1. Condition first: more than 12 Å from Ser65 (Cα to Cα) and in contact with a Leu (Cβ under 7 Å, 6 or more places away or on another chain). Now tell me which residues in segment 80-118 satisfy that.
2. Looking at segment 107-124, which of its residues are surrounded by fewer than 17 Cβ atoms within 10 Å (Cβ to Cβ) and touching a residue at least 40 places away in the same chain (Cβ under 8 Å)?
3. State whether the residues of segment 61-71 include one that is in a loop (DSSP other than H, G, I, E, B), exposed (fewer than 15 other Cβ atoms within 10 Å of the Cβ), modelled with pLDDT under 85 and more than 23 Å from the chain's Cα centre (by Cα).
4. Quick one: would you say Leu91 is at pLDDT below 85, closer than 14 Å to Val79 by Cβ and not charged (D, E, K, R)?
Amino acid sequence: MKIAVRKRRAPSIIIVSLVDILTILLIFFVVSTTFKKDQPEVQINLPESQTATNAPAETEHAIVSVSATDDVLLDGRPVAVDELQKAVIDLPAGRKSTLALQADKKASFGTIIKVMDALKLAGVKNLPAFTRGEK
């Protein structure tokens, strides 16, 4: 008796459905990237505020100022960033609790972060920042 052996076809991949799926994915990525607005990584204009008040708050607070050239001042006298923590700890408790930060628009962000770290290590919990109103 002779048994007939069928030849098996090699498995094939249906390419039409793959092309459909890839087309849908391509359309999705093209559409989703066109909705993204061009935004730079960091663009901040901090000093202006619509809710800024003209109250004489600067006389009530001990003020830490950062100038455009990254000079740090504590109540108008120059202080190095490394010595800021000790200088704030030496302040009376009333002045230390009302400490405020005033930074120039062009001051480097790294210097402001170092100042905020020094103030946090000195025990300052609440740190308001002074702004000026929009013109």
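1. Correct list: Gln85, Ala87, Val88, Ala118.
2. Phe109
3. No.
4. yes
The values are calculated or read from the model by the stated rules, or taken from the named source; none is laboratory data. Everything quoted here is computed from the prediction, not taken from an experiment. When we count neighbours, we look across all protein chains shown, and the Cβ atoms used for this are built from the backbone with ideal geometry, even at glycine.
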